[in-house]
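Undergrad: Below: one structure in structure tokens.
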Amino acid sequence: MKVMLSTTVNGEQVQEAVLPRTSLADFLREDLGLTGTHLGCEMGACGACLVLMDGVPVHACLVLAVQAEGSTVETIEGLNETGAAADLQARFHDRNALQCGFCTNGMLMSAQALLEANPAPTRDEIRDALSGNYCRCTGYEAIVDAIDTTARDRAARTEAAK
Ligand code: FES
Ligand code: FES
């Protein structure tokens, strides 16, 4: 039997009937058509499905959709719409920090959450934040470079605005 779910996704109020066993990832992808949340391992290991729930990265494959009741969920589509991570995306592109791109949306969600919580992370802290994101294509160095550069650019812009 389906239950009503009321949540906010990418700034929009959503009310949908869902099966209690539906994962948040399946809800986002199949019910809302937000396929930027990728599914890889479906067991919490690869990070391809990361979304922000109330600002905290969560594995959407492990969270039930009903657990998002009353929460605010942000997906890669939301970041694209607001442009909040446009500079981060540009640095990934500049630094060739992606190849097939399957992991990239999850990487961007982790990186964006990290930079919001810690605007000046060390490279070790960046690596730590990405420890749940697997990439089969890159050597991670370019990804860390892209995030490090974005942090420095954001700090310089904040300083210049003072
Ligand atoms: S699909 Fe969720 S962690 Fe891999
Ligand atoms: S770019 Fe292919 S898995 Fe990361």
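The values are calculated or read from the model by the stated rules, or taken from the named source; none is laboratory data. Being a predicted model, the structure only gives us computed values, none of them experimental. No Cβ is skipped: glycine too gets one built from the backbone with ideal geometry, and neighbour counts run over all protein chains shown. Side chains are part of the model used for accessible areas, which takes the heavy atoms of the whole protein and leaves out ligands, DNA and RNA. Shrake-Rupley method; radii C 1.70, N 1.55, O 1.52, S 1.80 Å.
Undergrad: S71: in contact with a strand residue (DSSP E or B) (Cβ under 6 Å, 6 or more places away or on another chain) and either away from ligand 1 (no atom under 16 Å from the Cβ) or of a type in the set (D, E) (or both), yes or no?
TA: Working: in contact with a strand residue (DSSP E or B) (Cβ under 6 Å, 6 or more places away or on another chain): yes; either away from ligand 1 (no atom under 16 Å from the Cβ) or of a type in the set (D, E) (or both): yes.
Criteria met by S71.
Undergrad: Quick one: which of E125, E159, E116 is open to solvent by 70 Å² or more (accessible area, probe 1.4 Å), in a helix (DSSP H, G or I) and more than 25 Å from G44 (Cβ to Cβ)?
TA: Working: E125 fails: more than 25 Å from G44 (Cβ to Cβ); E116 fails: more than 25 Å from G44 (Cβ to Cβ).
Just a single option satisfies the conditions, and that option is E159.
Undergrad: Hey, N105 hits all of (1) of a type outside the set (V, I, T); (2) open to solvent by less than 20 Å² (accessible area, probe 1.4 Å); (3) within 16 Å of ligand 1 (Cβ to nearest atom) but one; which does it fall short on?
TA: (2)
Undergrad: I'd like to verify a number: residues in region 131-146 that are without any contact (Cβ under 8 Å) to a residue 40 or more places away in the chain and surrounded by 13 or more Cβ atoms within 10 Å (Cβ to Cβ), how many? Don't jump to the end; show me each part of the working.
TA: Of all residues in region 131-146, those without any contact (Cβ under 8 Å) to a residue 40 or more places away in the chain come to 131, 135-137, 139-141, 144.
Keeping just the survivors that are surrounded by 13 or more Cβ atoms within 10 Å (Cβ to Cβ) gives 135, 140, 144.
Residues flagged as without any contact (Cβ under 8 Å) to a residue 40 or more places away in the chain and surrounded by 13 or more Cβ atoms within 10 Å (Cβ to Cβ) within region 131-146 amount to 3.
Undergrad: Let me ask something additional. Which count do you get for residues in region 47-77 that are open to solvent by 20 Å² or more (accessible area, probe 1.4 Å) and part of a strand (DSSP E or B)?
TA: Residues that pass the stated criteria total 8.
Undergrad: While we're here: Could you list, in sequence order, the residues of region 79-114 that are more than 10 Å from ligand 2 (Cβ to nearest atom), over 15 Å from G11 (Cβ atoms) and free of Cβ contacts under 8 Å to residues at least 24 places away in the same chain?
TA: The answer is A86, Q89, A90, H93.
Undergrad: Related question: Pairs under 6 Å by beta carbon, first residue within 16 Å of M43 (Cβ to Cβ) and in contact (Cβ under 8 Å) with a residue 24 or more places away in the chain in region 54-78, partner among the hydroxyl-bearing types (S, T, Y) and within 16 Å of ligand 2 (Cβ to nearest atom), six or more apart or different chains?
TA: Close Cβ pairs satisfying both conditions: A60/T37.
Undergrad: For residues that are over 17 Å from E141 (Cβ atoms) and of a type in the set (A, V, I, L, M, F, W, C), tally how many sit in region 85-99. Write out each step before concluding.
TA: Of region 85-99, the ones over 17 Å from E141 (Cβ atoms) are 85-87, 89-90.
Add one more test, that the residue is of a type in the set (A, V, I, L, M, F, W, C), and what stays is 85-86, 90.
The total comes to 3.
Undergrad: Would you pick out the residues in region 78-102 that are surrounded by fewer than 19 Cβ atoms within 10 Å (Cβ to Cβ) and part of a loop (DSSP other than H, G, I, E, B)?
TA: G83, A84, N96, Q99, C100, G101, F102
Undergrad: Another question about this same structure. Within the set of pairs 6+ apart or on separate chains, which have a first residue in region 29-46 that is outside any loop (DSSP other than H, G, I, E, B), a second that is within 13 Å of ligand 1 (Cβ to nearest atom) and open to solvent by less than 50 Å² (accessible area, probe 1.4 Å), and C-beta atoms under 8 Å apart?
TA: Once the first residue is outside any loop (DSSP other than H, G, I, E, B) and sits in region 29-46, its partners that are within 13 Å of ligand 1 (Cβ to nearest atom) and open to solvent by less than 50 Å² (accessible area, probe 1.4 Å) give R29/T37; R29/L39.
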